[in-house]
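Colleague: Got a structure for you, written out below as structure tokens; questions coming shortly.
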Amino acid sequence: MTGKMLAVMKKEREQGAELDEVDIPTIKPNEILVKVKATSICGTDVHIYSWDPWAEGRIKPPMIFGHECAGEVVEVGKDVRSIKVGDYVSAETHIPCGHCYQCRTGDQHLCQNLKILGVDVNGCFAEYVAIPEICAWKNDPSLPPDIACLKEPLGNATYAVMESEVTAKTVAIIGDGPIGIFATAIAKAAGAAFIFLVGKSPYRMKLAKKMNPDLLLNVDEVDVVETIMEETKGIGVDVVIEMSGSRLGIEQGFKILRRAGTFTAFGIPKGKIEFDLSENVIFKGARIIGINGRKMFDTWYQMSRFLERGKIDIAPVVTHRFPLTKFEEGISLPLSEERNCGKVVFFPEQS
């Protein structure tokens with residue numbers, strides 16, 4: 001397929017981005033071309049737009065960023081077998097090499113030669129995106145595009161919760177961003193006995209309440225450690241799922257974790273943090289799980305079942321919708337100090 005399309009470009013090694021007209025991607029034999037129906041903003045996109053130290057060391061302009069998307073397949077490469085034109089797909093954004101040790105032993109999402117859509121290769125803040133066949137997940141046609149494009153971040157939450165084995169356990173989810181809110185919904189559906197949601201944004205705490213946690217705790221209003229230890233009769237929680245990446249969140253997480261409990265780490269700290277390994281892990285007998293991406297494709301089956309069977313409803317987390325041409329207006333929301341938004345979704349077809 002040839003022609004031009006609108007895309008959000010990171011052209012320079014500086015803050016910002018711009019909407020431009022560029023060539024529609026030419027696909028490789030193992031790739032598919034997807035007409036993007038919906039694409040949403042991730043924290044990674046905010047880093048790229050802001051041009052922080054991580055972006056400066058990783059991103060190589062000019063490039064199209066954005067990685068959370070869903071759309072219709074309009075072209076397939078000659079080697080593609082499992083996807084056909086007309087399929088409705090979401091993108092797994094971890095692109096594995098297929099031949100390293102991790103890929104050959106069931107951990108493609110941790111590939112040694114991993115590339116990420118919208119980070120290492122051109123992404124989906126555009127009217128069309130090329131993705132490898134291995135990264136395409138076929139959706140139920142009834143799933144709305146603004147939900148289908150959220151499967152990538154929903155997968156982060158699903159992976160974190162399911163690896164933590166939360167059924168019949170007390171769980172503390174630290175972080176009120178969209179993935180922390182998703183994790184609350186998944187933990188509820190997976191049968192957690194009691195869920196604490198710890199956050200600080202009044203706007204996002206209201207969104208989190210819609211996922212029905214048992215107790216919402218605002219770090220600016222209560223002593224989180226004291227409250228949770230009282231609620232658990234001095235034992236602590238069975239599982240901590242740390243989604244904030246903040247020093248305070250990590251510190252509080254280990255304080256409220258019971259002995260022999262599970263600490264699941266997803267949030268990424270801005271830099272190195274001081275950590276007492278002896279007290280937090282060794283003497284406590286803690287189990288620590290690191291979460292990166294989604295299991296390919298165990299996680300996708302799990303979250304799809306939750307969605308298709310109506311066990312979770314993540315629609316309230318989508319708070320803002322824009323045509324792609326209003327990209328600047330959309331990204332200003334998560335960039336603001338208040339962050340009065342959940343997920344912000346763009347619709348290229350409306351542009």
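The values are calculated or read from the model by the stated rules, or taken from the named source; none is laboratory data. Nothing here was measured: the structure is a model prediction, and the numbers come from that model. For neighbour counting, all protein chains shown are included, and Cβ atoms are generated from backbone atoms with ideal geometry for every residue, glycine included.
Colleague: Failed condition for I273, given (1) within 24 Å of K188 (Cα to Cα); (2) of a type in the set (A, V, I, L, M, F, W, C); (3) at pLDDT below 95, with all others met?
Modeller: Tallying (1) within 24 Å of K188 (Cα to Cα); (2) of a type in the set (A, V, I, L, M, F, W, C); (3) at pLDDT below 95, I273 fails exactly one: (1).
Colleague: Among the residues of segment 43-59, is any of a type in the set (D, E) and part of a loop (DSSP other than H, G, I, E, B)?
Modeller: Checked segment 43-59: at least one residue is of a type in the set (D, E) and part of a loop (DSSP other than H, G, I, E, B).
Colleague: If you scan segment 48-58, which residues turn out to be under 19 Å from the mean Cα position of the chain (by Cα), surrounded by fewer than 21 Cβ atoms within 10 Å (Cβ to Cβ) and within 17 Å of K115 (Cα to Cα)?
Modeller: If the condition is that a residue be under 19 Å from the mean Cα position of the chain (by Cα), surrounded by fewer than 21 Cβ atoms within 10 Å (Cβ to Cβ) and within 17 Å of K115 (Cα to Cα), then W54, R58 are the ones that fit.
Colleague: Are there any pairs with C-beta distances below 6 angstrom linking a residue in segment 246-259 that is assigned by TED's automatic domain parsing to the domain that holds L217 to a residue that is crowded, with 16+ Cβ neighbours inside 10 Å and among the aromatic types (F, W, Y), with the two at least 6 apart or on different chains, and if so which?
Modeller: Matching pairs, first to second residue: L257/F263.
Colleague: When T26 is evaluated against the numbered criteria (1) without any contact (Cβ under 8 Å) to a residue 40 or more places away in the chain; (2) surrounded by fewer than 19 Cβ atoms within 10 Å (Cβ to Cβ), which criterion, by number, is the only one it fails?
Modeller: With respect to (1) without any contact (Cβ under 8 Å) to a residue 40 or more places away in the chain; (2) surrounded by fewer than 19 Cβ atoms within 10 Å (Cβ to Cβ), T26 is out only on (1).
Colleague: Same structure again: Can you tell me which residue within segment 254-267, out of those that are of a type in the set (A, V, I, L, M, F, W, C) and surrounded by 14 or more Cβ atoms within 10 Å (Cβ to Cβ), is nearest to the chain's Cα centre (by Cα)?
Modeller: F266
Colleague: Going through I186, I235 one at a time, which residue ends up being hydrophobic (A, V, I, L, M, F, W, C) and either surrounded by 24 or more Cβ atoms within 10 Å (Cβ to Cβ) or modelled with pLDDT under 95 (or both)?
Modeller: The match here is I186.
Colleague: What single numbered condition from (1) among the β-branched types (V, I, T); (2) in a loop (DSSP other than H, G, I, E, B); (3) within 22 Å of K151 (Cβ to Cβ) fails to hold for I32?
Modeller: (2)
Colleague: State whether one or more residues within segment 131-143 are crowded, with 24+ Cβ neighbours inside 10 Å and under 15 Å from the mean Cα position of the chain (by Cα).
Modeller: No, the conditions are met nowhere in segment 131-143.
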